[in-house]
Each structure stands twice: as structure tokens, then as C-alpha cells.
Amino acid sequence: MRRRDFLKGATVLGAGALPFIRSLPASAATDGVVVVAMGQTINSLDIHRSGTNRPSYQVAVNVYDRLVSFGTKTMPDGSLSYDYSVIEPEVAESWEFAADGSAITFKLRPEGKFQDGSPITAEDVKWSFDRAVSVGGFPTVQMKAGSLEKPEQFEVVDEFTFKINLLRPSKLTLPDLAVPVPMIINAKVAKEHITSDDPWATEYLHKTPAGSGAFKVVRWDPGQQLVYERNDGWTSGPVPAVKRVIVREVPSQATRRALFERGDIQVSFDIPNKDAKELSGTDGLTIASTPVENAIYCLNPNLSFEPFKDKKVRQAIAWSVPYEDIFQTAAYGRGVPMWGGPSATPSDIAWPQPFPYSTDLDKAKALLEEAGYKDGFEVPLSIALDQSDWMEPTALLVQENLAKIGIKATIEKIPGANWRTASLVEKRLPLHLETFGGWLNYPCYYFFWAYLEGHLFNSSNYRNEEIETLTGETLYLPVDHPDYAPKIKRMIEIAWDEVPRIALFQPALNVGTRDMSGYEYWFHRQLDARGFKT
Amino acid sequence: MGPRTKLVLYRTLQALPALVGVVIVSFILTRMLPGDPAAYFAGPAATETSIAEIRAAMGLDHPLPVQFLHYVQDLVGGDLGNSLSTGQPVVEELTRRLPASLELTLTALLLSCAIALPMGVAAAVHQGSWIDHVCRGLVTAGVSLPTFFTGIVLVYVFYYLLGWAPSPLGRLDFIYLSPPEVTGFYIIDALLIGDVETAMGAVRQLILPASTLALFTLAPLARMARAAMLQALSSDYIRTARAAGLGEGQVVFGYAFQNAMLPVITTLGMVFSFMLGANVLVEKVFSWPGIGSYAVEALVVSDYAAVQGFVLAMAILFVLLNLVIDILYTLVDPRTREG
């Protein structure tokens with residue numbers, strides 16, 4: 001868009017709401033405009049494309065709608081969070097399960113409109129879902145988590161009725177429709193850009209969103225900024241209170257902090273724990289630190305390597321970790337402690353909950369002696385360079401205490417690009433730090449990814465027959481089923497006793513806001529601007 | 001064809017084997033990087049099959065010679081491929097980011113030349129005087145302060161404390177729209193459409209990062225200017241000129257300065273090329289969308305196309321730069337003049 005055309009269009013919309021009017025000072029981006037700074041870069045406007053990075057997921061949230069969404073709840077500290085227990089209508093106005101549980105039928109809002117004004121029909125939903133399960137890579141894996149695996153499952157009943165035939169009844173299906181991936185794309189627009197090489201219009205949608213969401217993308221300068229403008233005709237929820245949201249990419253932490261303190265930005269997204277701690281309590285600044293659901297930062301001994309095959313050695317390490325120091329030094333006390341649980345048997349199925357270990361070097365030494373490693377051993381302790389902000393202090397503290405029980409650990413730093421391959425794909429790191437968090441907030445979902453043999457986040461190469469069976473049995477079972485809680489408790493008990501993953505703490509997502517309200521935490525840990533108010 | 005034109009043509013031809021070498025070496029080197037880009041780009045929840053799908057989509061399932069063939073084919077067609085990490089064609093990205101880096105680097109270089117050259121010359125002419133000491137102090141500060149540190153200090157003082165500088169948010173504050181692209185240099189492009197205000201906005205954004213870089217490049221330039229000037233002033237032809245009764249101005253600027261410029265131009269060329277790739281830290285502090293941070297981020301995630309494109313662009317730039325310096329030489333150096 002040429003500058004002049006842009007300004008011409010802008011005057012029609014009313015000068016008060018515009019950020020690009022030159023007379024407006026940089027700091028006064030108020031009156032319906034919110035400026036957000038984040039450290040990472042958005043690399044695509046299409047979450048289904050291979051190579052799309054995490055920060056780009058926010059486009060799927062703000063620019064596209066899904067059939068359903070999660071509710072909102074207020075946290076104990078007064079901040080807002082999405083509510084996992086409530087599924088709300090978005091594009092669908094209602095839905096019902098077939099009596100035999102073999103299908104879900106969604107009634108779409110007849111008044112539902114895409115941003116170009118065309119109606120949202122069941123055809124669009126089907127095309128979008130077909131795309132998500134067919135393009136491969138992350139979207140396909142995520143759909144599969146909800147037992148959404150092949151196009152034949154998705155059926156257009158009539159213009160506004162859409163049916164999903166279920167492969168199996170699963171409690172994960174409906175929540176999986178509310179994650180960013182199954183977004184609804186304007187199929188009429190997308191189909192015009194299909195080529196024989198590109199049957200899913202990935203090249204077009206990569207740069208040009210075609211959604212029905214609360215915001216439109218009016219400008220995207222890759223590596224610099226993304227500008228959202230309110231979709232005044234949003235049909236899937238209340239039209240946002242802010243006119244425009246400007247997301248600026250500011251790689252330097254120090255610069256982000258200066259901008260935030262000076263008031264030139266209203267939201268500083270994902271601020272480091274250290275800054276969050278120092279800025280909390282400053283007048284006019286609100287720092288929301290929300291524990292990341294279903295996520296634990298862990299120290300993982302790898303069972304493919306000799307000393308760690310012995311449960312006692314793993315337990316010895318779990319007793320040697322200086323938990324409190326790590327929590328204060330690496331996390332600056334933001335997050336939830338995951339040590340010092342009162343009993344070796346869980347009393348409920350909350351997850352994550354504190355593991356029954358704490359720092360007790362005598363116990364650790366005794367266990368090592370029992371295992372026949374009285375004189376200790378040597379082991380590399382691997383960390384990822386791109387996560388060194390918390391991994392490095394953690395590794396140093398772990399190393400120090402391991403030395404006290406005779407284990408000589410050498411810290412090995414691995415570049416970010418190799419980290420994934422080394423730790424998760426090849427699973428070849430003897431002792432390392434790991435950060436898995438599950439989008440779908442169920443303990444069985446966490447176990448599925450992190451404790452089953454061969455699964456991606458089981459970087460410890462752990463295998464336990466009972467956990468294999470129990471996870472399979474609980475994964476699709478409703479939470480209120482009488483068998484669910486006992487089975488989950490048993491799984492947690494085994495995971496605690498055998499400790500293939502030593503829990504350190506539950507991390508927190510820190511977001512700073514000023515001169516605005518309405519920030520809401522989401523499990524995807526990306527910006528959701530729909531509730532912003534100034 | 002004059003000997004000078006011949007020289008220029010010869011130098012250009014000499015650059016071709018170098019470019020071919022760069023294409024081959026950058027291809028092999030990026031493939032030798034550890035790490036599996038397919039696994040990286042498949043995302044956090046990828047399975048074996050989805051990684052394999054990505055690998056095929058990236059063309060990484062072919063043997064290396066075939067991959068190289070595809071790369072050269074695309075290259076001949078002017079296609080440097082798509083960067084996976086930024087999701088953009090590499091050519092597009094480079095044409096957007098290179099002007100940003102060039103604008104910053106050239107401004108910094110002009111700034112540091114404007115200070116370093118007069119200071120170096122003055123220090124040499126008045127050796128041991130106060131100006132010599134000031135020069136020495138500034139040079140020492142310049143080399144010993146790392147750029148990211150200077151950058152953060154400047155942001156802290158002039159933006160955070162005093163509020164004089166605009167927010168360190170890249171090339172333009174968000175109240176301005178970038179001018180229609182002609183040269184890619186925001187100041188020039190804005191002036192071309194007569195938009196003085198946007199040009200001033202771009203200048204304001206430039207001041208701090210350019211000063212940071214200038215302080216860093218000041219040191220080698222001032223030192224080289226001083227040393228070359230001292231050497232020139234103590235040479236025979238200056239003694240002869242002075243003995244012949246020429247005026248001091250004519251001696252210093254007419255003879256000594258012109259001869260002292262040769263090593264300074266060489267240093268300038270080196271400093272310039274070094275700065276283009278090495279100002280990553282300044283780019284990070286000032287959110288500058290330059291080519292250095294692009295290359296580093298691409299390297300970290302083994303983004304082959306982007307790394308190769310960057311290396312190639314830099315190689316071409318170096319060749320051009322060397323050419324320009326050679327031409328400057330022929331202009332400055334009396335020995336290469338046509339008889």
C-alpha cells in the first residue's frame with residue numbers, strides 16, 4: 001500500500017484512532033492503539049506451513065477463528081487466563097455428540113462472515129480441516145492428538161452443518177478443536193490460489209491471511225513489525241475494544257525493558273524472569289506471571305547410559321539437586337516449586353504437582369553407595385545455548401551438588417539448532433535439561449508425550465510396561481470416568497519412584513502491561529489481543 | 001581502451017573465479033554444519049514421518065551433488081531459494097535488509113571519517129600536542145569499548161534518562177510509514193518524494209546506532225591516518241618541498257595528505273566490509289533490521305538457503321568494494337596515472 005493511499009483511507013476511519021498520523025507522539029499510542037514488543041520474529045501468517053515458528057501462532061489466534069474456543073477465568077493474582085474447563089462457541093453456535101458417541105455435529109452461525117464479507121460455510125470448515133490433516137508436519141501431528149486424522153472424517157451435512165466422524169470417542173477431540181491449528185480458512189479465496197505444486201495454497205496464505213477473526217493484518221514487515229486492525233464485522237465474538245495493535249520485534253532484552261519503562265510500548269511480551277521480578281511492584285506497571293500449564297522444567301538422566309539404568313542412581317541425583325537455589329537463581333522465584341511433595345503417593349491427579357524429593361545429600365550418597373557407585377562417576381551435563389538464561393545457572397548449581405556426592409559432571413553447551421536433534425530426536429544426551437509442556441491440559445497427555453518409549457519428549461529413553469498400558473487406557477478416557485483418577489495416580493506414583501524426569505519447577509510466562517488491560521494468558525503462550533482494552 | 005579501463009576490466013574478470021569458489025565453498029560449508037534443519041523446522045511435536053515429509057519438501061532427501069545441481073540451477077535463474085526461518089525468499093530479504101545495513105554502515109563511516117581524518121592529520125602535524133593526546137584517548141576508548149556496550153549505554157543515557165533520542169525501534173518509529181522503495185535508503189527515498197519529515201525521522205533513528213558504530217571504527221581510521229601522515233611528513237619529497245619554499249598548506253595537504261591517503265583507503269575498505277557483517281550486536285540493541293542479525297539467526301538454525309545467500313551477497317559486495325578501492329587507488333596514487 002502506498003503511503004498516500006493509506007492515509008487517505010485512514011481519514012475516513014477517524015483520525016483519533018490512528019497511530020500513523022504524524023502529529024501523534026510515539027508514546028501516546030493510546031485511544032484504541034496498543035503497541036506490543038516481543039523478542040522473537042513472526043515468520044509466517046499461516047500456522048499450517050512447514051517451518052512456521054511459535055511466535056507466528058498468534059496470527060492464527062487473532063486473525064482466524066475456530067469452531068470452538070475456551071472460556072476465560074480470573075487467576076488468584078487477578079490476572080486473566082483461558083479456562084480449560086469451559087468450551088465456548090466461536091464459529092459454531094452449538095454442537096452435539098451422536099448418541100453412540102461416533103460423531104460430533106456442529107451448527108455454524110448462519111450470520112458468520114469472513115473478513116471479505118462472504119459467509120462461513122461448512123465447506124470452508126471441511127477444506128480447512130482437510131488441509132490441517134494433509135499438509136504434514138506440526139498441524140497434522142496436533143490434529144492427530146485429537147483423533148482427527150483423515151479427510152474422510154469431515155463431512156458437510158448442509159451449508160451450515162458440519163459433522164466430524166470420530167475414529168474413537170476421546171476427551172481430547174473437542175479441546176483440540178480450540179487450539180490454534182484447526183483454524184477456519186476462507187476456502188473460496190484460498191482455492192483461487194491453488195496450483196498443481198501447491199494444492200493447499202500455502203504460498204498464498206503464508207503472506208495473505210484469509211480468515212474471519214477479530215483482527216485483520218494491515219501490514220507485515222518481516223523481521224520488524226506486524227500491524228493488526230480490528231475487524232469491525234467480527235461475527236464470532238464481541239468486536240475488540242482496540243482499533244489497532246502494533247507488534248514490534250525488538251530482539252534486545254535491555255531495549256525492550258527501556259521501551260516498557262519509558263511507556264513507549266504498552267505490552268512487553270514474554271519478559272525474562274529477572275526483569276519480571278525487578279519490575280513487579282513498580283507503579284503503573286502490571287506484571288502477570290502465569291505458571292505455564294502442564295509444563296515442567298526437568299533434569300533428565302538418560303536410561304540408555306549405564307549408571308542411569310539403575311533407579312537408585314536416578315533417585316540419588318533427584319535427592320542431590322539444590323531445588324530452592326535453582327528456583328531462586330534460574331527462575332527468580334517466578335513459577336511453581338516442583339519439589340518437596342509430602343508423600344510418595346499422590347493424593348489427587350493434579351499435574352504437575354511437587355515430586356517427593358528435596359535436597360538431601362546424605363540420602364543421595366547412601367543411594368549411590370547402594371547402587372555400587374560409592375566413588376561416583378563422570379557424566380556430561382548438556383544444556384541448550386539458546387535457553388542458557390535458565391539452563392546455565394541451573395546446570396552450574398546441579399554440577400556443584402553432584403560434585404558433593406562424588407559425581408563429576410562437565411557442562412556441555414549445544415547450539416540451538418542441534419539441541420532438538422540431539423536431545424529429542426536422537427535422544428543421545430546422558431544427562432540434560434528438558435522443558436516439555438503439553439497444550440492439552442491432561443496428565444495423560446503429558447505422559448503420552450514424555451513417558452512413553454520412543455515418543456518425542458521422552459528424551460530419557462524411559463520404558464515402563466505399566467505406564468505404557470495405563471497411558472493408553474487413560475488417554476481417551478473422560479476425566480470423570482471412575483477408572484481415570486486411580487490409573488493416573490498410579491502413573492504419577494511410578495513416575496515419582498522411577499524418576500526418569502526429575503522435576504525442578506513449573507515455569508511461568510511473564511507479560512508486562514501498562515496503560516491498558518485485558519491481557520489473557522493462553523496455553524499457546526502467544527499474544528491474544530482480542531480482549532485488549534485501553 | 002586506456003590502461004585504466006583495462007585495469008578495471010581485468011580486476012572484474014579476476015573476481016569471477018572467486019565468486020565460483022564462494023558458491024561451492026558456501027554450499028559445502030553449510031552442509032557441514034551440525035544439526036538437522038528438517039528436524040528443527042518440523043516443530044516441537046513432530047514425529048518421524050513429519051520430519052521425513054519436511055526433509056523431502058526441503059529437497060534434503062537427495063544426495064549432495066544433486067542438491068548442488070538444483071542450487072546452481074536456481075542461482076542461474078536469480079533464485080536464491082526460500083529462507084525457512086523467516087519464511088521469505090532470500091533475494092527479497094537481502095534486498096530489504098542490505099540497504100538497512102548499508103545505510104547504517106555508510107552513515108557511521110562518514111561520521112567516523114569526518115572525525116578521524118582531521119583528527120589523525122592534526123595529531124600528526126602537531127605531534128605530542130594536546131590534540132595528539134585527545135586522539136590517543138579517543139582511539140583507545142574506541143577499540144576497548146565493545147559496540148553492544150556502547151550501544152546500551154547510549155540508549156540508557158540518551159533515550160531512557162534524557163529522553164532526547166527516539167525509541168530504539170529500528171529504522172523508523174511506528175508513527176511513520178516507510179517511504180516507497182527506490183534505493184532502499186530511507187533518508188534518500190523520503191527526500192525523493194519530498195517528505196522531509198520522514199527523512200528527519202529516519203535521521204533521528206540513525207544517530208545513536210551510527211554513533212555507536214562510528215566510535216568503534218574511529219580507532220583504526222584515526223590511527224592509520226596519523227601514522228601514514230607522520231610517515232609522509234618525514235619523507236624526502238616533503239623535505240624537498242619545504243626546502244623549495246612551498247607553503248605549509250601546500251606541503252601538508254597537497255603532498256603529504258594525498259600520499260597518506262593510500263593506506264587510509266585500504267583500511268577504510270577493510271573496516272567497511274568488516275562492519276557490514278559484524279554489527280550484529282548494534283543491530284540487536286537498536287532493533288535494526290540489518291543483514292548481520294539475519295545471517296546469524298540463519299546460521300543458528302542451519303537455514304541453508306539464507307546462509308548461502310548471505311555469503312554470496314557479501315562476496316559480491318566485497319568484489320565490488322575491492323574494485324572501487326582499486327579505482328580510488330588509481331585516482332589517488334600518482335604512479336598509476338596515465339602518462
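The values are calculated or read from the model by the stated rules, or taken from the named source; none is laboratory data. Keep in mind the model is a prediction, meaning the values are calculated, not measured. Every residue, glycine among them, receives a Cβ derived from its backbone with ideal geometry; neighbour counts consider all protein chains shown.
Worth a mention:
- Residue match in segment B:286-293 (condition: out of contact with any Pro (no Cβ under 6 Å at 6 or more places or on another chain), crowded, with 19+ Cβ neighbours inside 10 Å and more than 14 Å from chain A (Cβ to nearest Cβ)): no
- Residue within segment A:284-303 that is without any contact (Cβ under 8 Å) to a residue 60 or more places away in the chain and not acidic (Asp, Glu) present: no
- The set of residues from segment B:86-96 being under 23 Å from the mean Cα position of the chain (by Cα), facing chain A (nearest Cβ under 9 Å) and either part of a loop (DSSP other than H, G, I, E, B) or crowded, with 22+ Cβ neighbours inside 10 Å (or both) comprises B:86, B:88, B:93.
- Residue list for segment B:133-156, restricted to those being farther than 22 Å from residue A:39 by Cα and either within 11 Å of chain A (Cβ to nearest Cβ) or in a helix (DSSP H, G or I) (or both): B:133, B:134, B:135, B:136, B:137, B:138, B:139, B:140, B:141, B:142, B:143, B:144
- Taken over segment B:52-69, the residue count meeting the criterion of being assigned to a loop (DSSP other than H, G, I, E, B) and surrounded by 15 or more Cβ atoms within 10 Å (Cβ to Cβ) is 2.
- Residues (surrounded by fewer than 22 Cβ atoms within 10 Å (Cβ to Cβ) and either within 29 Å of the chain's Cα centre (by Cα) or aromatic (Phe, Trp, Tyr) (or both)) located in segment A:309-323: A:322
- Residue list for segment A:120-154, restricted to those being in contact (Cβ under 8 Å) with a residue 40 or more places away in the chain, over 30 Å from residue B:38 (Cβ atoms) and not in a helix (DSSP H, G or I): A:120
- Flag if residue A:221 is touching a Pro at 6+ places or on another chain (Cβ under 8 Å), within 14 Å of chain B (Cβ to nearest Cβ) and without any contact (Cβ under 8 Å) to a residue 12 or more places away in the chain: yes
- Unique residue being among the small types (Gly, Ala, Ser), assigned to a helix (DSSP H, G or I) and within 13 Å of another protein chain (Cβ to nearest Cβ) when the list is B:227, B:199, B:241: B:199
- Residues that are crowded, with 24+ Cβ neighbours inside 10 Å and out of contact with any Phe, Trp or Tyr (no Cβ under 6 Å at 6 or more places or on another chain) within segment A:183-204 comprise A:184, A:185, listed in sequence order.
- Count of segment A:44-88 residues which are assigned to a loop (DSSP other than H, G, I, E, B) and within 24 Å of residue A:129 (Cβ to Cβ): 14
- Restricting attention to segment B:178-192, the residues that are surrounded by 14 or more Cβ atoms within 10 Å (Cβ to Cβ), within 11 Å of chain A (Cβ to nearest Cβ) and assigned to a loop (DSSP other than H, G, I, E, B) add up to 2.
- Subset of segment A:392-413 that is of a type in the set (A, V, I, L, M), closer than 23 Å to residue A:272 by Cβ and crowded, with 23+ Cβ neighbours inside 10 Å - its residue that is nearest to the other protein chains (Cβ to nearest Cβ): A:395
- Residues satisfying the criterion are present in segment A:191-211 (criterion: within 17 Å of residue A:528 (Cβ to Cβ) and either away from chain B (no Cβ under 12 Å) or of a type in the set (S, T, N, Q) (or both)).
- Filtered residue count, segment A:89-119, keeping only those that are part of a strand (DSSP E or B), out of contact with any Phe, Trp or Tyr (no Cβ under 7 Å at 6 or more places or on another chain) and within 22 Å of residue A:168 (Cα to Cα): 4
Okay, residues lined up against (1) among the hydrophobic types (A, V, I, L, M, F, W, C); (2) surrounded by fewer than 22 Cβ atoms within 10 Å (Cβ to Cβ); (3) not assigned by TED's automatic domain parsing to the domain that holds residue A:53:
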{"residue": "A:105", "(1), (2), (3)": "no, yes, yes"}
{"residue": "A:111", "(1), (2), (3)": "no, yes, yes"}
{"residue": "A:114", "(1), (2), (3)": "yes, no, yes"}
{"residue": "A:117", "(1), (2), (3)": "no, yes, yes"}
{"residue": "A:122", "(1), (2), (3)": "yes, yes, yes"}
{"residue": "A:129", "(1), (2), (3)": "yes, no, yes"}
{"residue": "A:139", "(1), (2), (3)": "no, no, yes"}
{"residue": "A:147", "(1), (2), (3)": "no, yes, yes"}
{"residue": "A:150", "(1), (2), (3)": "no, yes, yes"}
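- Selection count where residues are in contact with a Leu (Cβ under 9 Å, 6 or more places away or on another chain), in contact (Cβ under 8 Å) with a residue 60 or more places away in the chain, facing chain B (nearest Cβ under 10 Å) and of a type outside the set (A, V, I, L, M, F, W, C), scope segment A:256-283: 1
- Residue among A:60, A:103 that alone is in contact with a His (Cβ under 9 Å, 6 or more places away or on another chain) and hydrophobic (A, V, I, L, M, F, W, C): A:60
- Every condition in (1) closer than 18 Å to residue A:432 by Cβ; (2) aliphatic (A, V, I, L, M); (3) part of a loop (DSSP other than H, G, I, E, B) holds for residue A:349 except the one numbered (1).
- Filter result for residue B:117 (surrounded by 14 or more Cβ atoms within 10 Å (Cβ to Cβ) and not in a helix (DSSP H, G or I)): no
- Residue match in segment A:188-201 (condition: under 23 Å from the mean Cα position of the chain (by Cα) and at pLDDT below 90): no
- The numbered conditions (1) farther than 25 Å from residue A:71 by Cβ; (2) in the same structural domain as residue A:99 (by TED's automatic domain parsing); (3) part of a loop (DSSP other than H, G, I, E, B) are all true for residue A:200 except (2).
- Matching option when the condition is surrounded by fewer than 19 Cβ atoms within 10 Å (Cβ to Cβ) and closer than 30 Å to residue B:289 by Cα, among A:210, A:241, A:254: A:254
- Of all residues in segment B:122-165, those that are of a type in the set (S, T, N, Q), within 17 Å of residue B:208 (Cβ to Cβ) and at pLDDT 85 or above total 1.
- Once segment B:294-306 is narrowed to residues that are free of Cβ contacts under 8 Å to residues at least 24 places away in the same chain and more than 8 Å from every other protein chain (Cβ to nearest Cβ), the residue that is farthest from the chain's Cα centre (by Cα) is B:296.
- Residues satisfying the stated conditions in segment A:267-283, i.e. outside any loop (DSSP other than H, G, I, E, B) and among the charged types (D, E, K, R): A:274, A:275, A:277, A:278
- Exactly one residue out of A:368, A:424, A:385 is modelled with pLDDT under 95, closer than 30 Å to residue A:487 by Cα and either outside the structural domain of residue A:328 (by TED's automatic domain parsing) or of a type in the set (A, V, I, L, M) (or both), and it is A:424.
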